[in-house]
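Visitor: Here it is: the structure, laid out below.
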Amino acid sequence: MTRIVVPIGPQHPALKEPVNFRVVTDGERIVDLELNLSYSHRGIEKAAEQRDFIRVLPLIERVCGICSHSHATVFSKGIEEIMGVEIPPRAQYIRTIIAELERMHSHMLWLGVAAHEVGFNTLFMWTWRDREAVLDTLEELSGNRVHYNMNEIGGVRLDLSPSQVEAALARMPVLEERIRAYVGMVEDEETMLTRFRGVGSLSREEALSFGAVGPTARASGVDYDVRKDDPYLVYDEIPWNVVTDTNGDVYGRTKVRIGEIAESLGIVRHCLENLPGGPIRAEAPKAAPPGEILSRYEAPRGEVAHFIRTNGTARVERVDIRTPTLANWTSVAHCLIGRPLADVPVIVAAIDPCLSCTSRITLVKSGGDLGKDAPPPNGPRGWSR
Amino acid sequence: MTDPFLLIAYILLFPGFLFLFAYSMTFEFLDRRIVARMQNRVGPPFFQPFADLVKTLGKEVIDPRGVDRPIFDAAPVVALAAVMTSFLYVPIIGPSPLAFQGDLVLVLYLLTLPTLALMLLGWLSRNIYAAVGGIRAVTMLFIYEVPFFLALMMPTLMAGTWSISDIMAWQEEHLCLAILQPIAFIVALIGLQAKLERTPFDIPEAETEIVAGPWTELTGRRLALMHLANETSAVVGSALIAAVFLGGLAFPWTVESAILSATVGFLLFLAKTVAILLVLSIIRAATARVRLDQLNTIGWKYLTMAALAQVGIVLVMMASGVGI
Amino acid sequence: MIEPLTLDGVANAVAGVAGAVDKASTNRIRVRTTREGLRDVIRRVQWLLPCDRLVSISTVDTTESIELHYHLIGQHRTVVTVTVELPRDAPEIETVSDLLPSAALYERQIHDLFGVVFRGHPGLTRLILNDDWPRDEHPLRKDWKPVAGTFYGGAGRRGPG
Amino acid sequence: MTVSNRTFSGRLMTWARGKSPWVTIFNSGGCNACDIEIIACLMPRFDVERFGILSRGSPRHADILIVTGAVTRQQAPRLRRVWEQMPEPKYVIAVGACAAGGGVFQGLYHMVGSVDQVIPVDVFVAGCPPRPDEIINAVVTCLGLMAEDAVHGGRAWRTKATSEAVAEAIA
Amino acid sequence: MSVLSEMLRNLFSKPVTTRYPAERVPIPDGFRGRVGCADDRCIGCSKCSLVCPASAITMVDSPRMVEFKGRTLERKKRPSIALYQCIRCGLCERHCPADAIHLRNGQSINGSTLDEVVTCTL
């Protein structure tokens, strides 16, 4: 059959966000592809240099609508470290609670979207229905369903009242039961398994050399989680585990994400039950001393890295945002080559692309020749603990 | 029913086109409502399919650049006409007055036409999604048509007739064919699901892959007619399976009055088609879309094999005289 | 678990090819080098320490030079940052995309936003900005300001196709 | 396609349009929070299929274009094209503060600005992002506009002259 | 078969749908909704307009005497907030020294024109 070019995007039902793939197919099989992810490039990094620390946080939060708390936290964490401000334990716990609730809602959202990509709308509806419980909790705690705006330099904006904590805890048992139901559904829904198993396989070596992060890397057996590697907030004080899997395909990523929902739930419950007293914010100076930091954070999709340089004023000299989705695109391009056209949505969805994050930055890469010449480093490559 | 006026009334009003139209609307409503309820939501109101149809009819018709307009206009009409014609041969209130030996073949043939029209539309649309969708539709046709036809031919083997009405009549004296040929019944149901391009077989119009497949460039009345053709296909398909496998209007005891008998038969027809719809809706809600290559495996390895096994079983049953 | 890297360990590994090695913050060690030495340093960091994955390439325009920071990490979970300074008027450097496949993406982005040229990159083309964005303007440079009256693309033009 | 409101078929058409608004969602470069909230409307908690709203992939099938986010330079021509692909009668709902005026992104170097600089917008929704119930309110407002348009025999009665003029000037 | 059993359970149970607008959707107390400003408290310090990330707040002339921390002082301006611009971040509320500006848990507005503005009201 002759080769045809199928443009996917920028406006396409599989993609809720603008992105463009030019998929060259031979019949149904993909032989080459080009990605263009720049459709929502807005210029946030430039704007961040021009706004003070108070006004920049809502902007940083709006890098992405799903991992908004991640970006705000990683930024304020970095600034606080440069300033040498230690935020009070209560603020750290509140940040952790919001962060893990955000991870839960994001993973549930992902599970639904992945099911939708393979046409399984019922699971899509159910996960989003249950996600509303998480969103309600977030709304009660922070005042907004999506952009929580809980962070400010030196602590958090809002305190949690005992009644709010109780209401949030009351929702937990229902969610626990739902997570158990999802585990069952993913295990025994045959048509979905045929679409997930063996699709988008990424070996451990590939995951490492393509720089995959987050659940994508962890599903390939790479134990890479910033929360354990470079503990921030209270992750070194509370009990939790890194979820990994060895399947390396979409099925493995699904299992990792469902496992992480359960872990996050445990963390949220632990934090709510052991919420320390005290103030919620420390006095932070207006301006930050000159300095630089690479602030890392484990967002739902993987590692977010903000490289922040300050210059003694109330503005940053430079903030360089590396989003998890950007790190994962190379592996996606690699996974897609040779797959049927029908697998494009599910493989792309499997990394949980957050294109608004990514499209500050963009790449176009035909995936065939990626990484052929990369020499394997001779050290241990186990990435296990 | 030799009176020409009665015949015209049969064709146009009841249980002909008008009834088919109304019933297909109800059918789509039921389908959407059942699926919505299984997804734990309310679902559309009763008039929804009708409102959709009227609204789509009133939308602007846009011709894609370089499209062959007459054929583009004609294809949906042909699809709809084929399905409506096929409905006349399916018994609804007693045997169809137009029945003849071999009408089963005609109905099966006419039910294939919408798919071909869809492929034509896909090719004509000058749109890459539509073209890919068109190819997928035809590829799928080759896969599911063999087991579907085999499954529907099995009753003819046992009943010894090629007329739907006669097969139905045969079941009045014998057991219902769904019990005698369970494998063929299941294969036919799955085949119907594939024919109607519903999940897990909505490969040609896979929304997340190729937007809406052959439907992508359809607007206004073309879209409305194709939708209507699809909805009526659902009614005709379930009515066909109800007649051939579930004994159609046959009921075990005899009713004296002709009108009462027709009414009971009609109600039975409604009940059986809705039951089939329920099964189809459950399949739609409980499955994910399969890939074309996976459908190939399913179609040839399992469905066709099952249908062939059923042929063997039927031949053995006929030779030994079981159930006949 | 493998122990975190020490300052001495890193200094030994890159001895002879790199400049100053210092601790930038907890869990992060910075190696300064020149643009000629970059590939050697990256290779050594990658092979000897070993840091087998690239976290990111960060860029700063300090108004005197353009700094590139290659953040690498390995199983020891220590970030080793290789810092290079490039002159602003002729920012050119060898690519590392053959050593680290994921670097290809970051290099394209830096090329677009800062105008840094990566020699030997397999396809250093316009990616991030609009197609009709002026070729010689790089918005993330400190001195960049939109030129009054210049049209930077967008609603006014029709897209391709 | 305007229909008279006096004939039976005209009234039927007006009724049908109000009962069956199919939408297509377009992200013109926002942070996708609004998109998530719009999709949340389709979900069991709010289930806008009660009003006959279906989300369609192809703009050719849609009646209402829901635009989210401030328009980036890359997305502006595509937004315009998607809008042109929709068959008449078509309506546009611009969701969120960014779509209404650039929001937190206004004035950034890769932005065009609000949606109504590119295509004529019928209903704006405030909020960042609006809650699903607020989005449903906007759809209800849009359906009200549809009904009023049917009475007036078109959308000319509304003062959309300014944004139409801008849209035509840049087209 | 957990999918099938849950599907059938849903089929015969009440849907979770909130029939908005016939039924109200609960809005929690702390929801950051429509912004409002109390005229008798505003001291016209312009802080809200300075911190607003979306530049939704502009200061307009409105001379008036106000009580602030036991003193009476004369204010010159008051904020005028473009409602469609507001991103509901709550920074104005957080930084207002006089506790005058608030995000209330009301729904946002929608309409065809963008000139909806909130000024100080009681």
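The values are calculated or read from the model by the stated rules, or taken from the named source; none is laboratory data. Bear in mind the structure is a predicted one, so any value in this text is a computation, not a measurement. A quick note on method: Cβ atoms are made from the backbone with ideal geometry, for glycine too, and the neighbour counts reach across all protein chains shown. To get the accessible areas, we keep the full protein, side chains included, count just its heavy atoms, and leave off ligands, DNA and RNA. Shrake-Rupley method; radii C 1.70, N 1.55, O 1.52, S 1.80 Å.
Visitor: Just to compare against my own numbers: the Cα pair-distance distribution for the range B:1-106, 10 Å bins, whole % per bin, please.
Guide: It works out to 12, 29, 30, 23, 6, 0, in whole percents.
Visitor: Here's another thing I want to ask about it. Measure nothing but the geometry: give the 0 to 90° angle between the long axis through the Cα atoms of C:38-48 and the longest principal axis through the Cα atoms of chain C, rounded to 10°.
Guide: Roughly 40 degrees between the two axes.
Visitor: Step through the residues of the range A:318-331 one at a time and calculate ³J(HN,Hα) from phi using the Karplus curve (6.51 cos²θ - 1.76 cosθ + 1.60, θ = phi - 60°), rounding each to whole Hz and writing x for Gly and Pro.
Guide: Going residue by residue, I get 7, 10, 10, 9, 10, 9, x, 4, 4, 5, 8, 4, 4, 5 Hz, with x marking Gly and Pro.
Visitor: Can you give the log10 of the normalised intensity I(q)/I(0) at q = 0.07, 0.11 Å⁻¹, computed with Debye over equal Cα scatterers of chain B?
Guide: Once normalised to I(0) and log-transformed, intensities are -0.28, -0.71.
Visitor: Hey, another quick one. Would you calculate a helix-derived [θ] at 222 nm for chain C, using -39,500 (n - 2.57) for each DSSP H run of n ≥ 4 and dividing by the full residue count, to the nearest 500?
Guide: My calculation for chain C gives -5500 deg cm²/dmol from helical runs alone.
Visitor: Within the set of other residues whose C-beta is less than 12 Å from the C-beta of E:Ile27, count the net charge using Lys and Arg as +1 and Asp and Glu as -1.
Guide: Overall, the nearby charge balance is 0.
Visitor: Still on this model: Which value, to two decimals, describes the C-alpha radius of gyration of the range A:169-243 once divided by 2.2 N^0.38 Å?
Guide: Expressed relative to 2.2 N^0.38 Å, the Cα Rg reads 1.42.
Visitor: Oh, and also: Given +1 on the Cβ of Lys and Arg, -1 on the Cβ of Asp and Glu, and no further charges, what dipole in debye does the range B:4-320 carry about its Cα centre, rounded to the nearest 20?
Guide: That gives the range B:4-320 a dipole magnitude of about 660 debye.
Visitor: Work out the length of the dipole vector of the range A:45-322 about its Cα centre, built from +1 on the beta-carbon of each Lys and Arg and -1 on the beta-carbon of each Asp and Glu, and round it to the nearest 20 debye.
Guide: About 620 debye.
Visitor: Using a Förster distance of 45 angstrom, determine the FRET efficiency expected from the C-beta separation of E:Phe12 and E:Ala38, and round it to 0.05.
Guide: 0.30
Visitor: Using only Cα atoms, tell me the angle between helix E:2-11 and the longest principal axis of chain E; keep it within 0 to 90° and round to the nearest 10.
Guide: Taking Cα atoms only, the helix is inclined about 80 degrees.
Visitor: For the range C:1-86, would you read off the P(r) tail past 20 Å as a percentage of all alpha carbon pairs?
Guide: Here the long-distance tail beyond 20 Å is 24 percent of all Cα pairs in the range C:1-86.
Visitor: Same structure, new question: List the lysines whose Cα sits under 21 Å from the Cα of C:Lys142, skipping any in the same chain fewer than 8 residues away.
Guide: A:Lys46
Visitor: Within the P(r) computed for chain D, what percentage of the Cα pairs occupies the region above 24 Å?
Guide: 33 percent
Visitor: Using amide H atoms built 1.01 Å from N in the peptide plane, name the residues 5+ places from C:Ser56, or on other chains, whose amide H lies under 5 Å from its own.
Guide: Answer set, sorted by chain and number: C:His71.
Visitor: How do the peptides B:220-227, C:117-124 rank, highest first, by the average count of neighbouring beta carbon atoms within 10 Å per residue?
Guide: Result, highest mean Cβ count within 10 Å first: B:220-227, C:117-124.
Visitor: Return the average number of partner chain Cβ atoms within 10 angstrom of each residue Cβ along peptide B:58-64.
Guide: The mean count of partner-chain Cβ atoms within 10 Å per residue comes to 6.
Visitor: How large is the charge dipole for the range B:1-101, taken about the Cα centre, if only the Cβ atoms of Lys, Arg (+1) and Asp, Glu (-1) carry charge, to the nearest 20 debye?
Guide: 440 debye
Visitor: Follow-up. Taking beta carbons within 10 Å but only from partner chains, what does the mean come to for residues A:154-164?
Guide: 1
Visitor: Something else now. Need one number: nm distance between label points at A:Asp159 and B:Tyr109, each 7 Å from Cα along Cα→Cβ, rounded to one decimal.
Guide: For A:Asp159 paired with B:Tyr109, the spin-label model returns 8.3 nm.
Visitor: Compute the signed sum of charges (Lys and Arg +1, Asp and Glu -1) over the other residues within less than 13 Å, Cβ to Cβ, of A:Ala181.
Guide: Computed value for this residue: -3.
Visitor: OK, next. Full-extension gain between A:Asn241 and A:Asn274, please, as 0.36 nm times their residue separation minus the C-alpha to C-alpha distance.
Guide: 10.0 nm
Visitor: Let me ask another. Ignoring ligands, DNA and RNA, what percent of the 1.4 Å accessible area of the protein assembly as shown is carbon and sulfur?
Guide: Its accessible area is 59 percent carbon and sulfur atoms.
Visitor: What does the convex hull of the alpha-carbon atoms of the protein assembly as shown project to on average, in nm²?
Guide: Spelled out: convex hull of the Cα atoms, projected over all directions, averaged, 48.5 nm².
Visitor: I'd like the mean, over residues of A:204-212, of how many other protein chain beta carbons sit within 10 Å of each residue's own Cβ.
Guide: Counting Cβ atoms of other protein chains within 10 Å of each residue's Cβ and averaging gives 4.
Visitor: For E:Asp39, enumerate residues with amide H under 5 Å from its amide H, sequence gap 5+ or separate chain, H modeled in the peptide plane.
Guide: Amide H neighbours of E:Asp39, under 5 Å, 5+ apart: E:Thr121, E:Leu122.
Visitor: Where does chain B land at 222 nm, in deg cm²/dmol rounded to the nearest 500, when only DSSP H runs of n ≥ 4 count, each adding -39500 (n - 2.57), divided by all residues?
Guide: Theoretical 222 nm ellipticity from helices: -23000 deg cm²/dmol.
Visitor: Can you give me the solvent accessible area of A:Arg269 with a 1.4 Å probe, rounded to the nearest 10 Å²?
Guide: The accessible area comes out at roughly 60 Å².
Visitor: When only DSSP loop residues count, what trypsin sites (Lys or Arg not before Pro) in the range E:13-53 have their Cβ near at most 10 other Cβ atoms within 10 Å?
Guide: When the trypsin sites (Lys or Arg not before Pro) of the range E:13-53 are filtered for loop state and at most 10 Cβ neighbours within 10 Å, E:Arg24 remain.
Visitor: For the range B:154-219, compute Rg over Rh where Rg is the Cα radius of gyration and Rh is the Kirkwood radius from the inverse mean 1/r over Cα pairs.
Guide: Ratio of gyration radius to Kirkwood radius: 1.23.
Visitor: Rounded to the nearest 5, what % of the DSSP beta bridges within the range D:1-132 are antiparallel ones?
Guide: Around 10 percent antiparallel, to the nearest 5.
Visitor: Report for the protein assembly as shown the percent antiparallel among DSSP-assigned beta bridges with both residues inside it, nearest 5.
Guide: Taking every DSSP beta bridge within the protein assembly as shown, about 75 percent pair in antiparallel fashion.
Visitor: Using amide H atoms built 1.01 Å from N in the peptide plane, name the residues 5+ places from A:Arg29, or on other chains, whose amide H lies under 5 Å from its own.
Guide: Distant-sequence amide H within range of A:Arg29: A:Leu341.
Visitor: In angstroms, what radius of gyration and Dmax does the range E:18-122 have, counting Cα atoms only?
Guide: Calculated on Cα positions, Rg and Dmax stand at 15.0, 51 Å.
Visitor: Then there is this: Taking the Kirkwood radius as the inverse of the mean 1/r across Cα pairs, report the Rg/Rh of the range A:45-322.
Guide: 0.98
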